[in-house]
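Participant: Pasting a structure below so you can have a look.
The values are calculated or read from the model by the stated rules, or taken from the named source; none is laboratory data. Given the structure is predicted, the values throughout are model-derived calculations rather than measurements. No Cβ is skipped: glycine too gets one built from the backbone with ideal geometry, and neighbour counts run over all protein chains shown.
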Amino acid sequence: MHGVGSKTELSMKLIISVLLLSISFKSLGQWGYKDEDIASRYKPGILWFNTGWRPAPVEKTRKYDRLIAEVVYSMPQVKDLNQTVKGSFGWNLSPMWDIPLTKGNTVSIGIGLSYRNARLGLTNIIHEDSTARTTTLLDTSYSGVNKQVLGSHVFALPLELRFRAAKWKHFKFHVGGYFGYQARMYNKLWYKENETVYVRKKLMDNNPLVYGVHMRMGFRNFALFADYRLSTSFKSNKSTELNFLTFGLSFSLF
């Protein structure tokens, strides 16, 4: 009798598990009602169903723009620099916290961390003076160089105010600023002769203090991005006053 009872109990557990599994697949696979005023019905990104160890309550305000990836193009804010398209593309990655301020999360605060990889493709000669510890970008080019890149690695703390429409296909606008640390600036050159590559891994005049302003404007998961770095790239006041102006596309993964 004990064996029969165990088998019956096992069968009941199996039936209940199958029923629960089918219900969960059905609930994830379709939704029979659309409400344009509710932003939480449909997933805004690839990790929308990732709610941690416990499922999120239905009435809980959904949060957006919590992991943002950006493809960017940077320009130097110096008139006499000759830029090339090659080498000027970089990328940003920002894990963020979205803190709702209003019902429906139409206004929120975004705060988090950000890694920014800005690059400039230049034909100008980058000259370092080891005695004066200055960096100058000369208004001349060297014909022996096939490609040259001036790059920057920045870790920042962004803070932004976010506005979005109530509908799930919402329009959004983010404006804010950031403060951070420029780990290093580097210079990489590709020479035509023998196809050799020369790398200055760290420019001595690197300014570690970085701050600036940025904005995003778009719909749902996609937005246009603009960033202006208010701080100069080099420490010395005798160096070229180089500021980065960056444009790009933002993708909110969840």
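Participant: Inspect the stretch 134-145 for any residue being of a type in the set (D, E, K, R), closer than 25 Å to residue 226 by Cβ and in contact with an Asp or Glu (Cβ under 8 Å, 6 or more places away or on another chain) and give the result as yes or no. Before you say what the answer is, go through the steps one by one.
Facilitator: Applying the first criterion (of a type in the set (D, E, K, R)) to the stretch 134-145 yields 139.
Remaining after also requiring closer than 25 Å to residue 226 by Cβ: none.
Looking for residues that are of a type in the set (D, E, K, R), closer than 25 Å to residue 226 by Cβ and in contact with an Asp or Glu (Cβ under 8 Å, 6 or more places away or on another chain), one finds none in the stretch 134-145, hence no.
Participant: Still on this structure, I have one more. Quick one: how many residues across the stretch 117-147 are within 20 Å of residue 89 (Cα to Cα) and either modelled with pLDDT of 80 or more or among the basic types (Lys, Arg) (or both)?
Facilitator: Adding up the residues that qualify gives 12.
Participant: Just to be sure I understand, how many residues within the stretch 179-216 are acidic (Asp, Glu), in contact (Cβ under 8 Å) with a residue 60 or more places away in the chain and touching a Gly at 6+ places or on another chain (Cβ under 9 Å)?
Facilitator: Total satisfying the criteria: 0.
Participant: Quick check: anything in the stretch 155-178 farther than 27 Å from residue 100 by Cβ, touching a residue at least 12 places away in the same chain (Cβ under 8 Å) and not aliphatic (A, V, I, L, M)? Before you say what the answer is, go through the steps one by one.
Facilitator: So in the stretch 155-178, the residues farther than 27 Å from residue 100 by Cβ come out as none.
No, that holds for no residue.
Participant: Take residues that are buried (at least 17 other Cβ atoms within 10 Å of the Cβ) and tell me which of the strands (runs of 3 or more DSSP E) falling wholly in the stretch 168-254 contain 3 or more. Spell out how you get there, then give the answer.
Facilitator: Working: elements: 171-191, 197-200, 209-219, 222-229, 244-252.
Passing ranges, in order: 171-191, 209-219, 222-229, 244-252.
Participant: If you check 240, 232, which single one turns out to be β-branched (Val, Ile, Thr) and without any contact (Cβ under 8 Å) to a residue 40 or more places away in the chain?
Facilitator: That would be 232, the only listed residue that is β-branched (Val, Ile, Thr) and without any contact (Cβ under 8 Å) to a residue 40 or more places away in the chain.
Participant: In addition: List, please: which pairs have Cβ atoms under 9 Å, are six or more places apart or on different chains, and start with a residue in the stretch 117-130 that is more than 15 Å from residue 145 (Cα to Cα) and without any contact (Cβ under 8 Å) to a residue 60 or more places away in the chain and end with one that is surrounded by 15 or more Cβ atoms within 10 Å (Cβ to Cβ) and among the acidic types (Asp, Glu)?
Facilitator: 129/205
Participant: Is it fair to say residue 155 is touching a Phe, Trp or Tyr at 6+ places or on another chain (Cβ under 6 Å), closer than 17 Å to residue 212 by Cβ and of a type in the set (A, V, I, L, M, F, W, C)?
Facilitator: yes
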